[in-house]
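Heads up, the thing below is written out as structure tokens.
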Amino acid sequence: MSEVIATNQTILVVGGGISGMTAALEAAECGKQVLLVEKNPTVGGRVSQLYKYFPKLCHPKCGLEINLRRMKANRNLRLMTLTEVTAVEGEAGNYSVTLKTSPRYVNDNCTACGACADAVEAEFDDEHNYGLMKRKGAWLPFNQAYPFRYVLDPRIIGTPDADKAKAACKYDAIDLDMQEEETTITVGAIVWATGWRPYDAGKIQPYGYDRFDNVITSVELERMMDPHGPTGGKILRPSDGKEAKDVAFIQCAGSRDKNHLKHCSRICCMASLKQATYLPEQYGEDYKGTIYYIDIRAIDRLDDFYQNIQKDPNIKFVKSKVASITEDKETGNPVLHGVDTEGYHRYSNPHDLVVLAIGMEPSVPADGFPMEVVINEEGFVELDEKNGAFFAAGCSSDALDVNRAVQSGTASALRAIQVVNRVAGAEG
Amino acid sequence: MSDYNQQMIEKYRGNFLKEVEANVEEGDWVKMCMQCGVCSGSCPLGPHWEHPPQEIFMMIRANKREDILSSSSMWMCTSCYNCIARCPRGLPITHIMHGLATYAKRLGLAPKEQPTAKFAQLFWDNLTKTGRVNELKLGLSLYFMNGFGEGIKTALKMKDVGLGMLKTKRMTPMEMLGGHKCKDVKGLQAMLKKAEELEEARIGKRG
Ligand SMILES: Cc1cc2nc3c(=O)[nH]c(=O)nc-3n(C[C@H](O)[C@H](O)[C@H](O)COP(=O)(O)OP(=O)(O)OC[C@H]3O[C@@H](n4cnc5c(N)ncnc54)[C@H](O)[C@@H]3O)c2cc1C
Ligand code: SF4
Ligand code: SF4
């Protein structure tokens with residue numbers, strides 16, 4: 001790998017999701033030196049796993065496309081993928097950061113022709129599709145991956161598959177001798193944008209995510225809608241592959257709950273309302289959606305979106321946090337049990353499929369930061385003077401939608417720019 | 001209706017939530033309920049409640065004092081703790097239910113024919129007499145709780161259990177004559193009396 005040059009006027013951005021990319025681009029476009037590190041083989045983060053964006057219902061692909069174009073065009077921005085921060089020392093304006101880069105086993109000769117993937121036999125759970133389908137041991141994370149290069153899974157190294165991949169590549173792009181590398185750099189400020197992960201649905205015991213096939217999560221539904229995804233763009237029941245036309249959404253699954261995540265994840269009400277529009281998209285008029293909720297949090301301009309969904313006669317709202325789910329063994333239908341708040345009626349409602357509007361958990365555990373930072377009880381990084389020049393962006397700072405994650409990325413870039421400007425001023 | 005009840009009505013006129021906060025065990029928590037419904041949906045006895053816990057919490061806020069205090073609902077609670085385990089707000093629902101039941105009884109508003117309330121009284125009277133539960137007497141008073149005819153029927157139905165208990169020496173007919181007791185019955189009763197006085201004083205101070 002080429003040598004990484006960074007100085008105390010460099011801004012380090014950790015995490016290449018929408019907020020990290022934004023922060024990195026804003027700073028680089030202001031003429032600052034920026035190093036963006038991403039632990040996955042590609043940038044894009046969670047938005048690359050979404051089918052459509054609320055509120056406009058556009059495809060995240062074009063937003064991503066614009067950002068990638070900005071990245072390619074900018075000479076101040078350097079990207080390191082498969083890289084994580086292992087240690088940070090020092091203070092605002094002068095941090096020494098240790099980076100660990102895992103081998104990709106594919107160099108930049110790669111044209112993404114895919115011959116290696118064809119040659120390799122081993123298959124693994126596809127992370128991009130939350131394990132709903134398999135991918136090869138040599139793979140391209142998704143069709144907009146950047147860098148647009150294949151990756152070899154470390155689990156095939158040392159097996160005949162690795163040699164097959166190497167032999168298949170006509171461009172001499174596969175280098176099986178690549179090693180893990182450690183780099184130490186100096187930077188002036190750090191933007192932390194490692195985002196979120198879906199809360200572990202199996203922990204919500206009464207909902208039986210780990211016991212019932214037809215209980216899935218909202219992030220999995222997004223993947224089902226992708227034409228290249230596990231179901232070829234259809235909403236199919238995992239138990240029998242039948243179309244799911246009667247879909248229930250359970251709000252606050254793992255959020256606003258002292259047994260799980262204490263915070264409101266903020267986006268899941270909107271995510272379910274958005275996903276309610278996927279039903280007519282699939283089935284015309286022949287569908288039923290039921291949203292079980294405590295209260296719908298569609299604030300400001302998003303209220304319009306909510307009101308439009310309310311007008312849909314095929315979508316029903318039930319004000320109730322579902323107490324438990326059982327399974328009808330004969331049909332495979334999940335049956336939702338609870339008591340509603342508008343009249344206190346007890347219900348036991350069967351549906352074809354249940355989607356848990358799963359909460360957003362900050363990606364980095366409170367005790368896993370490479371330096372001491374102030375973290376609130378929900379696990380998000382606080383904006384605090386004690387953090388020096390360590391600024392959180394996007395879902396590392398709070399549960400945010402894309403719009404707010406981008407705003408937060410820009411804000412963090414500005415904070416970081418002020419620090420490196422101060423350093424530059426002091427050094428004349 | 002008791003004087004005590006009248007006194008409380010006057011004291012908290014129109015603010016039952018305050019009354020509950022001051023007089024009911026864990027009553028402070030009531031305002032934390034966000035009306036999600038998980039407690040009501042998780043209760044194994046749920047369908048038998050006139051007003052499930054979620055509704056009770058709303059009724060408290062809506063000043064439905066008489067409706068709640070004379071209701072049989074909170075007497076349905078069997079202390080399974082399902083609701084406490086699942087309440088996303090951490091309300092000690094079980095304790096609040098028992099607190100409400102106790103308060104209703106103290107005010108003289110508890111439903112007269114409610115079996116849980118009746119049995120609780122039988123149990124208490126039985127236990128405090130000797131410091132030991134007299135299984136035979138308790139069993140019989142339970143059978144005959146709803147009248148003589150019912151009692152004979154239940155006794156016959158439970159005959160085999162009774163005989164089994166006799167055989168394994170879990171129960172003896174001698175219990176009919178006073179029964180076994182703890183070492184210092186007088187001391188126990190003095191202690192209970194003192195506890196009652198302390199409780200009265202505490203209520204007086206709070207109420
Ligand atoms: C079901 C669902 C639907 C949604 N739909 C919408 C929608 O329609 N519209 C909308 O506006 N929002 C939506 N959201 C919210 C949206 O996904 C988030 O706002 C967005 O992903 C936030 O981006 P981010 O960059 O903060 O985090 P992420 O997308 O999580 O990016 C974080 C990046 O950091 C990397 N990373 C993690 N840890 C490390 C590490 N230790 N070192 C280096 N890199 C690391 C990750 O690989 C990732 O690339 C939805 C969310 C859910 C759950
Ligand atoms: S956004 Fe809606 S579904 Fe998500 S935690 Fe908040 S209230 Fe619950
Ligand atoms: S589970 Fe808790 S928050 Fe929900 S209705 Fe019951 S007491 Fe209220």
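Given axes a ≥ b ≥ c from the Cα gyration tensor, I'd like to know whether the range A:268-366 is rounded (a/c under 1.5), prolate (a/b larger than b/c) or oblate. Taking the square roots of the gyration eigenvalues as a ≥ b ≥ c, the range A:268-366 is rounded. On a straight-distance basis, which lysines could pair with B:Lys159 in a cross-link, Cα separation under 27 angstrom, same-chain partners fewer than 8 positions away excluded? By straight Cα distance, B:Lys159 reaches B:Lys118, B:Lys129, B:Lys137, B:Lys167, B:Lys169, B:Lys181. In terms of surrounding Cβ atoms within a 10 Å radius of their Cβ, B:Leu100, A:Leu68, A:Leu140, B:Leu122 rank from fewest to most as B:Leu122, A:Leu68, A:Leu140, B:Leu100. A simple spin-label model places the labels of A:Asn421 and A:Tyr347 5.4 nm from each other, with each point 7 Å out along Cα-to-Cβ. Between B:Asp184 and A:Lys72, the simple label model (points 7 Å from Cα in the Cβ direction) yields a spacing of 9.1 nm. For the range A:245-250, 3J(HN,Hα) computed residue by residue from phi via the Karplus equation (6.51, -1.76, 1.60; θ = phi - 60°) reads 9, 10, 10, 9, 10, 10 Hz, glycine and proline entered as x.
Here the relative contact order of the range A:199-360, from alpha carbon pairs under 8 Å that lie six or more residues apart, stands at 30 percent.
Once every DSSP H run of n ≥ 4 in chain A is given -39500 (n - 2.57) and the sum is divided by its residues, what mean residue ellipticity at 222 nm do you get, rounded to the nearest 500 deg cm²/dmol?
Calculated at 222 nm, the ellipticity per residue is -7000 deg cm²/dmol.
Under the convention that each Lys and Arg Cβ holds +1 and each Asp and Glu Cβ holds -1, the size of the dipole of chain A around its Cα centre is about 900 debye. Taking the longest Cα principal axis of chain A as reference, the axis of helix A:18-29 is set at about 30 degrees.
In the range A:10-65, the convex hull through the Cα atoms has an average projected area of 4.2 nm², a quarter of its surface area.
Taking 19 Å as the cut-off, the amide N atoms of the range B:18-44 that come nearer than this to a point 7 Å along the Cα-to-beta-carbon line of B:Thr102 belong to B:18-31. Cross-link partners for A:Lys262 among the lysines, with Cα-Cα distance under 26 Å and sequence neighbours closer than 8 places in the same chain left out: A:Lys203, A:Lys274, A:Lys319, A:Lys321, A:Lys386, B:Lys31.
In this simple spin-label approximation, A:Glu285 and A:Asn314 carry label points 7 Å from Cα along the Cα→Cβ vector, and these lie 1.0 nm apart. Computed from the C-beta positions of A:Glu378 and A:Asp172 and an R0 of 41 Å, the FRET efficiency is 0.25 to the nearest 0.05. From the square roots a ≥ b ≥ c of the eigenvalues of the alpha-carbon gyration tensor of the range B:115-196, which class results: rounded (a/c under 1.5), prolate (a/b over b/c), or oblate? The shape class here is oblate. In order along the range A:146-162, phi translates into HN-Hα couplings of 9, x, 7, 9, 6, 9, 9, 5, x, 5, 9, 5, x, 9, x, 4, 5 Hz, rounded to whole numbers, per the Karplus curve 6.51 cos²θ - 1.76 cosθ + 1.60 with θ = phi - 60° and x for Gly and Pro. Does the range B:55-113 classify as rounded, prolate or oblate by the C-alpha gyration tensor (a ≥ b ≥ c root eigenvalues; a/c under 1.5 gives rounded; else a/b over b/c gives prolate, otherwise oblate)? In terms of gyration-tensor shape, oblate. Centre-to-centre separation between the Cα atoms of the range A:365-414 and those of the range B:21-41: 34 Å. Across chain B, the relative contact order, built from alpha-carbon pairs under 8 Å that are at least six residues apart, equals 19 percent.
Residues whose amide H falls under 5 Å from that of A:Glu361, counting only those 5 or more places apart or on a different chain, are A:Arg197, A:Tyr199, with hydrogens built in the peptide plane. The HN-Hα couplings worked out from phi for the range A:301-316 by the Karplus form 6.51 cos²θ - 1.76 cosθ + 1.60 (θ = phi - 60°) are 5, 6, 4, 4, 4, 4, 4, 5, 5, 4, 6, 6, x, 8, 10, 10 Hz, whole numbers, x standing for Gly and Pro. Cβ crowding within 10 Å ranks A:Arg69, B:Arg86 as A:Arg69, B:Arg86, fewest other Cβ atoms first. The H on the amide N of A:Ala87, modeled in the peptide plane, is under 5 Å from the matching H of A:Thr98, each at least 5 residues off or on a different chain. By other beta-carbon atoms within 10 Å, ranking A:Asp384, A:Asp340, A:Asp300, A:Asp352 with the fewest at the front produces A:Asp300, A:Asp384, A:Asp340, A:Asp352.
Say a paramagnetic label sat at a point 7 Å from the Cα of A:Thr326, along Cα to Cβ; which residues of the range B:36-74 have their backbone N under 15 Å from it? The answer is B:41-48. Taking every alpha-carbon pair under 8 Å whose residues sit at least 6 apart, the range A:34-162 reaches a relative contact order of 24 percent.
Taking amide H as placed 1.01 Å from N in the peptide plane, the amide H of A:Phe317 sits under 5 Å from that of A:Ile291, each at least 5 places away or on another chain.
Partner shielding of B:51-64 amounts to 1, given as the average count of beta-carbon atoms from other chains within 10 Å of each residue beta-carbon. Calculated on the alpha-carbon coordinates, the convex hull of chain A measures out at 151 cubic angstrom per residue.
Per-residue shielding of B:28-38, expressed as the average number of other chain Cβ atoms within 10 Å of the residue Cβ, stands at 5.
When the charge dipole of the protein assembly as shown is built from unit charges on Cβ atoms (+1 for Lys and Arg, -1 for Asp and Glu) and taken about the Cα centre, the candidate among A:Tyr95, A:Tyr209, A:Gln33 whose Cα reaches farthest toward its positive end is A:Tyr209. Averaged over the residues of B:82-91, the number of partner chain Cβ atoms lying within 10 Å of the residue Cβ comes to 4.
Only the coordinates and a few stated rules stand behind these numbers; no lab work does. None of the values given here were measured: they were computed from a predicted structure. So basically every Cβ, Gly included, is an ideal-geometry build from the backbone, and we count neighbours across all protein chains shown.
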